[in-house]
Amino acid sequence: MIDAPGLLDVSRLLAVRESGVAGNLGAGNVDVGNVDASIARLAALLKEKRRVTVLTGAGVSAASGVPTFRGSGGLWRSFDPMTLATPQAFAKDPKLVWEWYDWRRQLIAAAQPNPAHHVIAEWSRTRPDFTLITQNVDGLHERAGTERVLRLHGSIWEVRCTGTCRSGPHVDERAPLPPDDLPPRCAGCGALLRPGVVWFGESLDPAIVAAASRATEQCEVFITIGTSAAVYPAAGFIHEARANGATVAEINPDATEASGVVDISIRGKAEEVLPRLG
Ligand code: APR
């Protein structure tokens, strides 16, 4: 059972090991080079098994034009997460942080869900024992009509009051934010509002982590899609699913921190692979 420690990015710690991951044959893996066989194997499992849990990351929204964090062109390649996605950064310069989130909100507002979002939405409507655990804050899963979404890292479309009234989270879909309300302020007490996302070092909502853990413990098939599996506790669910005997599949054009522990590794783009899973 995963408890709710703070958001931790291990990619910086593990960068040295990365060179060893690419191209390996993980435990029980079909050769990653044989994408068609891997897709057929996963499609057959999805027909046979009932309880399915999916974990998604930024790669699922890449085809919608939303940048990832660590891949090529990823946000953390040009912006320093420690100056934009921590409580300390917000305390130091809330205007800078909000200018960055306002930029991302405008980008996401202009984006549309892609075929990967639509297939997952369909699964959530037609498979009774289906759960989606997402790290994404962009709301594209919800816009595609996905039901029972467990949002580990919150939503970029929610705000919370940082002042005495501590009100929120409230939905705030203004994109762009009006210049005279950047950084935005609480209508109740006038204090700063903050984005409703989980920043590095902050704890996740224990109720959401507990629900995600249950869905991980109970599933027969666990699919990790479009995540570098470098951020915990989210990446921990992949290992937990495997430890609980689920068949674990990964869909990602590149190797990840989890590639060595999955049963089926599909080297492909989510928007191209998911429609082929039937
Ligand atoms: N289809 C599938 N996967 C893709 C695609 C695609 N079209 N394009 C890129 N990817 C993969 C990349 O190869 C990479 O492994 O998506 C992954 C994105 O990884 P990250 O950028 O690290 O994003 P994510 O894993 O979601 O980050 C986790 O870190 O920055 C924090 O809170 C933020 O929720 C985020 C968390």
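Could you tell me how many degrees, from 0 to 90 and to the nearest 10, lie between the Cα long axis of helix 115-126 and the main elongation axis, the longest principal axis, of the Cα atoms of the chain? Relative to the chain, helix 115-126 is tipped by roughly 80 degrees.
When you restrict to C-alpha pairs under 8 Å that are six or more residues apart and normalise by the size of the range 193-278, the relative contact order lands at 24 percent. Solvent-accessible surface of the chain, taken per residue with a 1.4 Å probe and all protein chains present: 43 Å².
Under a point spin-label approximation (7 Å from Cα along Cα-to-Cβ), what is the GLN112-ARG174 distance to one decimal in nm? Label at GLN112, label at ARG174, 2.8 nm between them. When the surface is traced with a 1.4 Å probe over the full set of protein chains, HIS118 keeps roughly 90 Å² accessible.
For the chain, the cysteines with no partner cysteine C-beta closer than 4.7 Å are CYS219. Surface listing: THR53, THR164 arranged by accessible area from highest to lowest gives THR164, THR53, probe 1.4 Å.
In this simple spin-label model, placing a label point 7 Å from the Cα along the Cα-to-Cβ direction at both ALA37 and SER72 gives a separation of 2.8 nm.
Remark: accessible surface ordering of CYS165, CYS219 (largest first) is CYS165, CYS219, probe radius 1.4 Å. Its Kirkwood hydrodynamic radius, worked out from the mean inverse distance over all distinct Cα pairs, puts the range 11-277 at 19.2 Å. Dividing the summed -39500 (n - 2.57) terms of all DSSP H runs of n ≥ 4 by the residue count of the chain sets its mean residue ellipticity at 222 nm at -8500 deg cm²/dmol.
Axis angle, to the nearest 10 degrees, between helix 94-109 and the longest C-alpha principal axis of the chain: 50 degrees.
Of all lysines in the structure, those lying under 22 Å Cα to Cα from LYS269, and not within fewer than 8 positions of it along the same chain, are LYS47.
In sequence order, the range 137-143 has phi-based couplings of 9, 7, x, 6, 4, 5, 5 Hz under the Karplus curve 6.51 cos²θ - 1.76 cosθ + 1.60, θ = phi - 60°, and Gly or Pro positions carry x.
Taking 7 Å steps out from each Cα toward its Cβ at GLN218 and GLU272 produces label points 3.6 nm apart.
The values are calculated or read from the model by the stated rules, or taken from the named source; none is laboratory data. Note that the structure is a prediction, hence the values are computed from the model and not measured. A quick note on method: Cβ atoms are made from the backbone with ideal geometry, for glycine too, and the neighbour counts reach across all protein chains shown. The area values use the complete protein model at the heavy-atom level, side chains included, leaving out ligands, DNA and RNA. Shrake-Rupley method; radii C 1.70, N 1.55, O 1.52, S 1.80 Å.
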